[in-house]
Amino acid sequence: MTWLLRAAAMLLLVMFASAAQAQYPNRPIRIIVPFPPGGAPDLQTRIIAQRLSELLGQPIVTDNRPGSNGVIAGDLAAKAAPDGYTVLLGQDSMFVTNPFIYPKMPFDPMKDLVPVTSTAMNEFFLSVNPNVPVKTFPEFIDYVKKADPPIPFGSAGNGSFHQLGMEMLKQRAGLNMIHVPYRGGTPAATAAVAGEVQAFMSGSSLVAQLRTGKLRGLATTGATRSPLYPDLPAIAEFYPGYELKVWFGFYVPTGTPEPVISRLREETNRVLAEPDVAEKLRNAGGLRPYITTPEEFARQVRNDYEKYGKLIKDIGVTAD
């Protein structure tokens, strides 16, 4: 009798999954965004959601829940019904740095949320205040090594990728710099422009300051040169293996039926492959479509979790 009960239970699960796939979606979908409206992550979501809504045949509502480096939004998504009608725009830091910085999170991002697919990525730019007497990346390395006292660099806060990118460079190049955390990327960029800090590492939002000369770009953090600034070298050209790539992806609560996840992944990747969507993402903040297989995305998350977890432990980062 036991095996009959198990077989019946398995049959019910298969029938439920098939029904879920056939009927999904039949009502509006909510995408929770852990950022305020108007920034590149929010615009990314709205660009994808507009076209995704057409393909799925249902409205998609964007729900902005900023705060605590994504913990508020992540907790809300993790505790939602696992039915595919609540989706989270997850940023890498929520999964690969938060678990090491916030020891008492209300949810476990690696267990309570499952990836649907990656959506977009970009790299960071290393820049200096124009008064710093360097014009190239090698000159910057030499200048920092000779500086006494050590030069200050700004970041968006303790444990931010602004800090971690510079800490990785410090380790690779044997540099000594003073970390000055600010409460967000905008205040840190303002401080770099004003000369309060001499160096700063940030994402594509920095391009406007670079093009107007308020900051001087020296290098990028991707594995290869950025299409936004192809004249700037990648740090990896001088220190092979160095890479800081910021990525985003859609996540759903653990327990969401696999057919539903597959449908979301398939249609999202179809949206990301459209040329006009790529153009809109680029204009929204220098983002690029990031299309991966489930295995590739899982490997990216796992590798970043190990890399940044070790770095955070090495330098003793704690939450602000």
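Could you list, in sequence order, all residues of region 213-235 that are farther than 12 Å from Gly286 by Cβ, open to solvent by 40 Å² or more (accessible area, probe 1.4 Å) and not β-branched (Val, Ile, Thr)? Explain how you work it out, then say what you get.
First pass over region 213-235, keeping only residues farther than 12 Å from Gly286 by Cβ: 213-219, 221, 223-225, 230-235.
With the extra rule that they be open to solvent by 40 Å² or more (accessible area, probe 1.4 Å), the set shrinks to 213-214, 216, 223-225, 230-231.
Across region 213-235, the qualifying residues are Gly213, Lys214, Arg216, Ala223, Arg225, Pro230, Asp231.
Restricting to region 236-259, name every residue that is farther than 30 Å from Lys170 by Cβ and either in contact with a strand residue (DSSP E or B) (Cβ under 7 Å, 6 or more places away or on another chain) or modelled with pLDDT under 95 (or both).
At the first step, the residues of region 236-259 found to be farther than 30 Å from Lys170 by Cβ are 250-259.
Correct list: Phe250, Tyr251, Val252, Pro253, Thr254, Thr256.
Quick one: Ala278 ticks every box in (1) more than 21 Å from Pro59 (Cβ to Cβ); (2) in contact (Cβ under 8 Å) with a residue 40 or more places away in the chain except a single one, so which number is it?
(2)
State yes or no: is Ala77 in contact (Cβ under 8 Å) with a residue 60 or more places away in the chain, part of a helix (DSSP H, G or I), open to solvent by less than 10 Å² (accessible area, probe 1.4 Å) and within 23 Å of Gly38 (Cβ to Cβ)? Can you show your working first?
Working: in contact (Cβ under 8 Å) with a residue 60 or more places away in the chain: yes; part of a helix (DSSP H, G or I): yes; open to solvent by less than 10 Å² (accessible area, probe 1.4 Å): yes; within 23 Å of Gly38 (Cβ to Cβ): yes.
So Ala77 passes the test.
Taking Gly174, is it open to solvent by less than 10 Å² (accessible area, probe 1.4 Å), on the phi > 0 side of the Ramachandran plot and either touching a helix residue (DSSP H, G or I) at 6+ places or on another chain (Cβ under 7 Å) or without any contact (Cβ under 8 Å) to a residue 40 or more places away in the chain (or both)?
no
Yes or no, residue by residue, for (1) part of a loop (DSSP other than H, G, I, E, B); (2) more than 24 Å from Gly39 (Cα to Cα):
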position	(1), (2)
Val246	no, no
Gly255	yes, yes
Ile261	no, yes
Thr268	no, no
Lys280	no, no
Asn283	no, no
Ile291	yes, no
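Would region 5-18 turn up any residue that is within 18 Å of Val252 (Cβ to Cβ), of a type outside the set (A, V, I, L, M) and either open to solvent by 60 Å² or more (accessible area, probe 1.4 Å) or modelled with pLDDT of 50 or more (or both)?
yes
Looking at region 36-57, which of its residues are open to solvent by 40 Å² or more (accessible area, probe 1.4 Å) and not in a helix (DSSP H, G or I)?
Once the filter is applied, which keeps residues that are open to solvent by 40 Å² or more (accessible area, probe 1.4 Å) and not in a helix (DSSP H, G or I), region 36-57 yields Pro36, Pro37, Gly38, Gly57.
Out of the residues in region 282-297 meeting the condition of being hydrophobic (A, V, I, L, M, F, W, C) and modelled with pLDDT under 95, tell me which one is surrounded by the most Cβ atoms within 10 Å (Cβ to Cβ). Step through it out loud before you land on a result.
Pass one, region 282-297, residues hydrophobic (A, V, I, L, M, F, W, C): 284, 287, 291, 297.
Filter once more, so that each one left must be modelled with pLDDT under 95: 284, 287.
On the way: Ala284: 19, Leu287: 25.
It comes out as Leu287.
Does Leu210 satisfy the criteria of being of a type in the set (A, V, I, L, M, F, W, C), at pLDDT 95 or above and open to solvent by less than 60 Å² (accessible area, probe 1.4 Å)? Steps first, answer last, please.
Numbers: of a type in the set (A, V, I, L, M, F, W, C): yes; at pLDDT 95 or above: no; open to solvent by less than 60 Å² (accessible area, probe 1.4 Å): yes.
No; evaluated as a whole, the condition is false for this residue.
The values are calculated or read from the model by the stated rules, or taken from the named source; none is laboratory data. Keep in mind that this is a model prediction, so the values were computed, not measured. Here Cβ is always computed from backbone atoms with ideal geometry, including for glycine, and neighbour counts include all displayed protein chains. For accessibility, only protein heavy atoms count, side chains too; no ligands or nucleic acids. Shrake-Rupley method; radii C 1.70, N 1.55, O 1.52, S 1.80 Å.
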